[in-house]
Structure formats: C-alpha cells, structure tokens
Amino acid sequence: MKIEHLAIWADDLEKIREFYLKYFDMTSNEKYINEKKGFSSYFLSFGEGKARLEIMNRMDIHEEPEKRGFSKGIAHFAISVGGKEAVDQLTERLRNDHYTIESEPRTTGDGYYESVLLDPEGNYVEISA
C-alpha cells in the first residue's frame, strides 16, 4: 500500500499550482471544472507511480481562523528533495523569493534533515533529505 494522493483546499488554484510546479519539479494535469458544484482542481505529480497532490477549490469552502498546521487534521506533508545540500539550496531559493521559512534547516530528533516553509496559502511543507 502507499499514499496515492493528498488533497488541499486552495483559494487561488493557479498561484498554488505554479508554486509547486516551480519549486518541486512536479507536473500537472489539465484543470478539472465541475460548474454545477462550483468545484475545480488540478492533480500535481512527482512522476509515474509516485504520490500526487490534488489542489482543489470550491466556492463554499472557507478558511478557519485557526493557524494551519496546528489544528486537528493534517498538520503538514514532507517532500524529499534528495540530500542536505538540496534542502539548504531550496530553502535559500524560497527565502530569496520571499516565502516564509517557518523552521530553518536542521537535523530533527528522529534523524531527518529538514526545513519547514509555508506555501502561498499557509500550508506547512517540510523539505527533507
């Protein structure tokens, strides 16, 4: 068994899609639109047979006032970028492009080398080695 995909509600599908395509070398399908439900989405992929990320928008879904990542439900997801040097380089690239680095690169107590950033809509994303 494996995780096939994770899904994230987003306000601005195009902005969040471009973010993941630009920084995480993902590909995207064509936009799916269901006008009757006011729903649209993209599937972003890391490659054949790997986990995907579904980004979705529906007009009646609204952000809750709690801080994302610190309420019940999915707190974050991690994207492995290869090694420590890749974590450091991508973290600096994102910082230089004015994204929030929530946690600097470090080795965690459970042995991961990672940093944590906030995507354009405030979702916590771990960049790991």
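Computed from backbone phi with θ = phi - 60° and the Karplus coefficients 6.51, -1.76 and 1.60, the 3J(HN,Hα) list for the stretch 16-28 is 6, 4, 4, 4, 5, 5, 5, 9, 10, 6, 9, 10, 9 Hz; x is used for glycine and proline.
Each of Glu104 and Glu92 was given a label point 7 Å from its Cα along the Cα-to-Cβ line. The distance between the two points is 1.4 nm. Comparing Glu104, Glu30, Glu92, which has the greatest mean-square fluctuation in the GNM of the chain with Cα pairs linked when under 10 Å apart? Evaluated over the chain, the most mobile residue of the options is Glu30. Share of carbon and sulfur in the accessible area of the stretch 1-54 stands at 51%, probe radius 1.4 Å. Selection among Asn29, Gln89, Tyr113 by position relative to the dipole of the chain gives Asn29 as farthest towards the positive end (Cβ unit charges, Cα centre). Here the relative contact order of the chain, from alpha carbon pairs under 8 Å that lie six or more residues apart, stands at 22 percent. Note on the chain: with a GNM built from Cα contacts shorter than 10 Å, the maximum mean-square fluctuation among Ile61, Ile101, Ile16 falls on Ile61. Computed over protein heavy atoms with a 1.4 Å probe, the accessible surface of the chain works out to 64 Å² per residue.
3J(HN,Hα) along the stretch 75-89: 8, 6, 9, 10, 10, 7, 10, x, x, 4, 4, 5, 4, 4, 5 Hz, from the Karplus curve 6.51 cos²θ - 1.76 cosθ + 1.60 with θ = phi - 60°, whole Hz, x for Gly and Pro. Ranking of Asp119, Asp110 by solvent-accessible surface, largest first: Asp110, Asp119 (1.4 Å probe, protein heavy atoms only, all chains present). When you filter the trypsin sites (Lys or Arg not before Pro) in the stretch 68-129 for DSSP loop state and at most 13 other Cβ atoms inside 10 Å of their Cβ, you are left with Lys72.
The values are calculated or read from the model by the stated rules, or taken from the named source; none is laboratory data. Quick caveat, the model's predicted, so the values are computed rather than measured. We place every Cβ from the backbone using ideal geometry, glycine too, and count neighbours over all the protein chains shown. The protein model used for the area step is the full one, side chains on, heavy atoms only, and it has no ligands, DNA or RNA in it. Shrake-Rupley method; radii C 1.70, N 1.55, O 1.52, S 1.80 Å.
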